[in-house]
Amino acid sequence: MSRYCLFRNILKLYLFIAYLYGFGLYSFPSYTHYMKNYPLIFAGVLMFASCTTKQPHITFTGNVPGLSDGTFLVTDSAGQSLAGQNITNGTFKIDTTIENNGYGSLTIQKTGEKANPVEVYLEPGQYTIEANVKKLDEYPNIKSSSAIQNDLTAYYTTQEKVIEKKMNSVFGQKEKLDMDKLKLEAFQSFIKQHPDSKAAAHLMLDLNYAKDAEAYNAIYNKLSADAKNSEEGKFIGNKLGVMMNLLPGATAPGIAGKTPDGKAFDQSQLNKKVYVLEFWKAGNQVSRLNHQDMVKSLMKNIDMNKVGFISISMDTKNDWWTKAIADDKLTWPQYSDLKGDESANAERWAITKIPTYYVLNGKWQVVQRDVDFGKLEAAINDYLSKR
């Protein structure tokens, strides 16, 4: 019985006793008086018993041949343990109650080795799990009465097959793989086979859809109405809508906020052929280290007569922002509305990570978005060489 249900029963019992007291039944009156108030007593008993219904259960049955010293653990979305068991003979079975459906994690771990939690969807029903003791870092084969969990199994196993196939072609050198590209390929394959997947929007949240907005927008348009209308689906749809307006050649949005001395952004003052826009934060170490490289290296290797820099801070505290500007010796225009992640700039420019860099031309049109810092010099020189 849940704590909420127990509390509710105690409260009902208290009220029931109060009713009995009010009618004088606490002193066991005459049989006639008792029978007269029998309907009230019967109603009270039903009221008290109304919360004794059986709670929904979730059952995990697993088989990991060869695993004689390991553990099985399931946690909910809040990181709280839902079920766990030691594995001594390669099998396990756990039946437990579940109060709320939702995404969680599952771990099958050999004692002494690193755990590799995988995502699962938890709801009442049966979960049958098969895993390879030599590949516990891979997604197990999970079959379930949950349609969403079956979607997760299909997606993650598809992703692993795509990555493994590519690994074989580069002789196992994982560092040579473009993981974002491979995950996109896997997701495209998954959606083709499961166009009505209810988990599609949730899965897309963990993918780098900002890197190839066009490809992901094409996939998004193929999702079911249920997936698009979910909270996650609506969020991604809005993000992709903004990103589609930031493709190369599109006129870029304005900049919200002001400089430290109170001046607003004025596009008419632009006088360079190409601009680098930086979205950064004072407390972000990568941003600060990149500032050193900008000042000491990048700006010395390009034609500063043709290239301008503009920085937009995603900070919330003015003193942190201005101190970082001074400490990093940033001499180019700096803007911020000091609203942090709630900044209008985050929405306008589809900022999903800090730092983020854009390359724009002098007409304030997008040349490249989300450029890797190490590739900024090449992007700038490539644009200038063609004009």
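Since every read-out is calculated from the coordinates, none of them should be taken as a lab result. The shown structure was predicted, so the numbers you read here are calculated from the model rather than taken from an experiment. Quick reminder, even Gly has a Cβ in these numbers, built from the backbone with ideal geometry, and neighbours come from all protein chains shown.
Just a few scattered comments:
- Based on every Cα atom in segment 95-144, Rg and the maximum pairwise Cα distance Dmax equal 11.9, 34 Å.
- Proximal aspartates and glutamates to LYS181, defined as alpha-carbon separation beneath 20 angstrom and excluding residues fewer than eight positions away on the same chain: GLU138, GLU160, GLU164, ASP206, ASP212, GLU214, ASP370, ASP372
- Set of lysines with alpha-carbon distance to LYS54 below 21 Å, sequence-local pairs under 8 removed: LYS12, LYS93
- Each part reduced to its alpha carbon centroid, segment 239-253 and segment 109-163 end up 37 Å apart.
- Euclidean distance of C-alpha centroids, segment 351-387 and segment 193-222, integer Å: 25
- Note that segment 353-360 has calculated 3J(HN,Hα) couplings of 8, 10, x, 10, 10, 10, 10, 10 Hz, one per residue in order, obtained from phi through the Karplus relation 6.51 cos²θ - 1.76 cosθ + 1.60 (θ = phi - 60°); glycine and proline are x.
- Taking a ≥ b ≥ c as the square roots of the eigenvalues of the alpha carbon gyration tensor, segment 175-275 is prolate, as a/c is not under 1.5 and a/b beats b/c.
- Taken over the Cα atoms of segment 292-387, the convex hull encloses 105 Å³ per residue.
- Among ASN318, SER336, GLN269 - extreme Cα towards positive end, dipole of segment 267-385, charges at beta-carbon: GLN269
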